[in-house]
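Q: Dropping the structure in here first, questions after.
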Amino acid sequence: MMLTTRNDKEIIEFIKDNQEYFFRVAFSYVKNQDQALDIVQEAIVKALQKRYTLRHIEYLKTWFYRILVNECFATIKKSKKLLFLGSYQDFEESLKTKDKYHEEDELYHAMDLLEPKLKMIIILRFFEDMKIEEIAKITRTNTNTVKTRLYKALKILKMNMEEFV
Amino acid sequence: MSYKKEKIAIPKQLDEVVNKAIYDGLSTPLKKNRGLKIFGGTVLTLFIVFVTFLNTIPVFAKTMYEIDIIGDICKIFTFREYHFEDDYEYIDVSIPHIDLNGNDDLENRVNLEISKLIDEEVEASKTRAKEYYDAFIATGGNPEDFYPIYVNINYEIKHISDKFASFVINKSETLASAYNIGYYYNIDLETGRILNLQDIFGSDYQKIIADDIDKQISKKNKDFQDSLLIDGSVIDYIDEFQEFYINDEGQIVIVFPKYEISVGALGTLEFVIEGE
């Protein structure tokens, strides 16, 4: 029997409205369609099962993205070696045929060399246009940490991209 | 940074996956034991739905009665649930309330004991979490890399009839390795007392239970037998404090926590005692 309260309705509406964003975040992170779909699915199920932990509906977005981000991290952890190897081969491949790629694709591949936390910050900040404060809340860190990580990530990206530009 | 997110193609399945996830998320009860969860605003709705269903569909009516969580003599429901989190820990608790119609004395005693037990367990975990956190920092760990300890306390109803109520308070704590502990409660609703094994099997209970379990063990495979730490018979392990519960069919199930009679790999062991 499904009983939904007003909060539940709002959560469901939010999920339906933003499902494509969720997919993009997950996909940017794992670079694999099936894994990304799994992540989105798991995040939604977990969020709904734990919806009583959402005390204020205003925090819905932060709360949901936190679950999604954690799900991404968990997936990476599970398949760390496999994924790293896969993305590294992709990366090498992209070096060989680099004239086929635009700068954007280079960025996309260079990102795979970032450690998980840095990569997530880049995704949230530039792909999802989130504010630093928002990212800090989602990743449970303070704004200074987010800024530091962001600069660090950008520096690494710049270095990596200069290598083959 | 001109990355265009539109470049990531949205797979056709996404819609279906999301819809299914929403359905799964809403229809799986939060925990196994939370089949019936009633909150203020929904009581009336639930009641109306109940009445309508019960009156119109006989099959549904039957299964609802068989769940028996709302028994005539004993009701067990979620009294309070809360969530607590900080840098060290992430705690989910749901506290049951036992309503024994008419037996206020026992009711108060059981509920008081449960709430005391849960408070103590939460406190113990908090202390442990803080100790781990301090040790982590003291050894040069970065506070941001600390994984909070996850503590979950909930309950599971094993059996409710007009005669007995049996339930367990489960606690799991996830640190480096997970650890689980169960506190079992068995109430004889007719006499209004906490049941013990002697009440059920008589003064010879140790031998009766041990013989039954020994026989079950002898039928198991060699791997299983080799993993046991007992010396021939479990009889020395059965005493008045032995944990047990009553299952759906009204059978007695003896529970040995992890490590008690076997290597940790076997986890918690349960034996259904046939006969009674």
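Q: Between B:ASP239 and B:ASP86, what FRET efficiency comes out of the Förster formula 1/(1 + (r/R0)^6) with R0 = 41 Å and r the beta carbon distance, rounded to 0.05?
A: Computed FRET efficiency for B:ASP86 and B:ASP239: 0.55.
Q: If you take each beta carbon of peptide B:88-94 and count the beta carbons of other chains within 10 angstrom, what is the mean?
A: So the per-residue partner count for this stretch is 1.
Q: Show me B:132-141, B:88-97 ranked by packing, highest mean number of other Cβ atoms within 10 Å first.
A: Details: B:132-141: 11.9, B:88-97: 19.9.
Packing proxy ranking, top to bottom: B:88-97, B:132-141.
Q: Further, regarding this structure: Please give me, ordered by residue number, the chymotrypsin sites (Phe, Trp or Tyr not before Pro) of segment B:218-269 that lie in loop per DSSP and have at most 10 other Cβ atoms within 10 Å.
A: In loop regions of segment B:218-269 (DSSP not H, G, I, E or B), the sparsely surrounded chymotrypsin sites (Phe, Trp or Tyr not before Pro) are B:PHE241.
Q: Once amide H atoms are placed 1.01 Å from N in the peptide plane, what residues at a sequence separation of 5 or more from B:PHE244, or on another chain, have their amide H within under 5 Å of its amide H?
A: Distant-sequence amide H within range of B:PHE244: B:VAL255.
Q: List the GluC sites (Glu not before Pro) within segment B:149-222 that DSSP assigns to loop and that have no more than 12 neighbouring Cβ atoms inside 10 Å.
A: Numbers: sites: B:GLU156, B:GLU173, B:GLU190; in loops: B:GLU190.
Those that pass, being in a loop and sparsely packed, are B:GLU190.
Q: Next up: Please work out the FRET efficiency for the pair B:TYR147 and A:THR148, using the Cβ-Cβ distance as r and a Förster radius of 22 Å; give the result to the nearest 0.05.
A: E between B:TYR147 and A:THR148, to the nearest 0.05, is 0.60.
Q: While we're here: How far apart, in nm, are two points set 7 Å out from the Cα along the Cα-to-Cβ line at A:ARG140 and at B:HIS97?
A: Here the modelled spin labels are 3.1 nm apart.
Q: Would you grab the residues whose amide H sits under 5 Å from the one on B:PHE164? Only those 5+ places off in sequence or on another chain, please, with H modelled 1.01 Å from N.
A: Those qualifying (amide H under 5 Å, at least 5 residues apart or on another chain) are B:LEU189.
Q: Enumerate the calculated ³J(HN,Hα) couplings along segment A:7-23 in order (Karplus 6.51 cos²θ - 1.76 cosθ + 1.60, θ = phi - 60°), each rounded to whole Hz, writing x wherever the residue is Gly or Pro.
A: 4, 4, 4, 5, 4, 5, 4, 4, 4, 4, 5, 10, 4, 5, 5, 4, 4
Q: Starting from the 7 Å offset along Cα-to-Cβ, what nm value, one decimal, do you get for the label separation of B:ASP204 and B:GLU131?
A: My value for the distance between the label points is 4.6 nm.
Q: If you don't mind, another one. Mind checking the mean number of beta-carbon atoms from other chains within 10 Å of the Cβ atoms in A:44-50?
A: Working: counts 10, 8, 2, 3, 9, 8, 4.
The mean count of partner-chain Cβ atoms within 10 Å per residue comes to 6.
Q: How about segment A:1-71: which trypsin sites (Lys or Arg not before Pro) there are in a DSSP loop, with at most 15 other Cβ atoms within 10 Å of their Cβ?
A: Here the trypsin sites (Lys or Arg not before Pro) that fit, given the DSSP loop and packing criteria, are A:LYS50, A:ARG55.
Q: Inside 10 Å of the C-beta atoms of A:120-128, what's the mean count of C-beta atoms belonging to other chains?
A: 2
Each reported figure results from applying straightforward, stated rules to the coordinates on display, with no laboratory input. Keep in mind that this is a model prediction, so the values were computed, not measured. Glycine gets a Cβ as well: all are built from the backbone with ideal geometry, and neighbour counts include every protein chain shown.
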